[in-house]
1. Any residue that is over 18 Å from Pro55 (Cα atoms) and surrounded by 15 or more Cβ atoms within 10 Å (Cβ to Cβ) - is there at least one of those in the stretch 169-180?
2. Please verify whether the stretch 324-331 includes one or more residues that are at pLDDT below 95 and under 17 Å from Gln413 (Cα atoms).
3. Pick out the one residue from Pro78, Pro142 that is assigned to a loop (DSSP other than H, G, I, E, B), touching a residue at least 60 places away in the same chain (Cβ under 8 Å) and closer than 28 Å to Thr394 by Cβ.
4. Among the residues of the stretch 181-188, is there at least one that is within 14 Å of the ligand (Cβ to nearest atom) and part of a strand (DSSP E or B)?
5. Which count do you get for residues in the stretch 340-390 that are basic (Lys, Arg) and modelled with pLDDT of 85 or more?
6. Can you pull out the residues in the stretch 384-401 that are among the polar types (S, T, N, Q) and either within 28 Å of Ile168 (Cβ to Cβ) or in contact with a Cys (Cβ under 7 Å, 6 or more places away or on another chain) (or both)?
7. Determine whether the stretch 149-162 contains at least one residue that is surrounded by 17 or more Cβ atoms within 10 Å (Cβ to Cβ), out of contact with any helix residue (DSSP H, G or I) (no Cβ under 6 Å at 6 or more places or on another chain) and assigned to a loop (DSSP other than H, G, I, E, B).
8. Find all pairs meeting these conditions: Cβ atoms under 8 angstrom apart; at least six residues apart or on different chains; first residue within the stretch 81-105 and at negative phi; second residue part of a loop (DSSP other than H, G, I, E, B) and basic (Lys, Arg).
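The values are calculated or read from the model by the stated rules, or taken from the named source; none is laboratory data. What you are looking at is a predicted structure, and each value in this text was computed from that prediction instead of being measured. For neighbour counting, all protein chains shown are included, and Cβ atoms are generated from backbone atoms with ideal geometry for every residue, glycine included.
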Amino acid sequence: MLDSSVRAFRKHLTSVQTAVSRMSCCKEEKATAPAAASPASPQTTLEQGIIQTTPIGFISSCFAMKNGTPRQPTVCGPSRAELRIQQNIFNNPQHALLGLQQFSYVWIIFLFHKNGQLSCKAKVKPPRLNGQRVGVYSTRSPHRPNALGLTLAKLDKIESDTLYLSDIDMIAGTPVLDIKPYIPDYDCPDVRMSLESQQTDSDQNIGAPGDLDTEKNPVKSDEDEETDAPGNVTEINAEVLPTKNCCKKETSPLSTQVSAPKHLQNVLKEVEAFVTHIDTCQPSCESKIQVSDSAKSKPAGLSTERPCYGVEAARWIRQPPIASLDVRFTPRAESQLAEFLPAHPSGAPGSDRPGFQFLRSTDEAASAIRGILSADPRSVYRRTRCKDRLFFFTLDTADVTCWFGEDFAEVLQVRPVQSHMKSY
Ligand SMILES: C[S@@+](CC[C@H](N)C(=O)[O-])C[C@H]1O[C@@H](n2cnc3c(N)ncnc32)[C@H](O)[C@@H]1O
């Protein structure tokens, strides 16, 4: 009798323990769950930070699966993608892109839709840290509570409702939630600080900061609320908008293009000197990333000397415990790669050779493969415990097989993906 009661109690205890561990695994998720479940007006849910997202488009990219997809856009230069804006969001999707072609880089906010499940682990093990656990918010891990990704992609061109991108790290089919222009003045602390100091100097010179507003922000800011309703569109002075290549020298000086009051001409000249002086072409914070001796000895306070990231982070981002690998091709893999025809808008009629869909030359493909492999795309488990040294990934229409040695990766085979074996 006592035995059976103890057994029943133990059984009950086990089920309670299971329920408790499930609850504590996803504490944050549980905390928001009641609000999500309760019926509320769209406005209330927005105020609570709960929204139903709708993709504005889906990525078509040269990466078919997570394996071998670069971990950041800078890893593999010519990674290319297309993003077509969905018709169901706007009647005229191309209208939503008006003006965007003037920017060289765009932020892409997307969903890690192939994560399998939402993650609520507060600590993660980034592959670059070789098994070390760090807080999820200090990393760019895909495994985060809302599974949102952020990539700074190069905007090659826009045609109608489609963006042509390169420098991406998203797999094909990735749902995109938003696009924003990369604006160094807002997004790169280096440029921001220089502009601020320019501003302070100018203020001291003319003593009327309010006068400067239009010159300071020639690009429409996020705060400019506009719809495309007739009569509600503000004309932008094309001459004062940044050129696509933002460090390209103007043919005639800005100060002579813009008819500003005399007292502002000096300021325009200063801005002009600054624009020609700084290199804002690349979205880089190079000078702030360098860890100076003074930054090492100082706590990271909000001073002008504060680097973009601290010494510890700089170490694992710039000098990760994972060494970069030498990449080589076997002669067979090299000649297989050379068989691929570059991407062509209308294919290559009459040829039975395999063709790339995104990559524009064999060199581009070889350099993408080098970029992917030199950063060592393997998981920590694969790298440290797995005896199987073969590694497979798909790049554009090519299946790539390679193996890893101590400090190198060798490409053994580059074969067309089966579904792309059709002749062009
Ligand atoms: C480390 S994340 C970084 C992404 C982004 N640059 C960021 O910082 O948020 C990049 C990796 O996410 C994975 N990935 C890319 N697209 C994905 C998707 N749609 N679903 C799940 N994982 C994805 C790939 O393995 C890729 O190497």
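1. No.
2. So far as the stretch 324-331 goes, no, none of its residues is at pLDDT below 95 and under 17 Å from Gln413 (Cα atoms).
3. Selected residue: Pro78, the only one of Pro78, Pro142 that is assigned to a loop (DSSP other than H, G, I, E, B), touching a residue at least 60 places away in the same chain (Cβ under 8 Å) and closer than 28 Å to Thr394 by Cβ.
4. no
5. Of the residues in the stretch 340-390, 6 are basic (Lys, Arg) and modelled with pLDDT of 85 or more.
6. Thr394, Thr397, Thr401 - these are the residues of the stretch 384-401 that are among the polar types (S, T, N, Q) and either within 28 Å of Ile168 (Cβ to Cβ) or in contact with a Cys (Cβ under 7 Å, 6 or more places away or on another chain) (or both).
7. no
8. Gln101/Lys244; Gln102/Lys244; Phe103/Lys244; Ser104/Lys244
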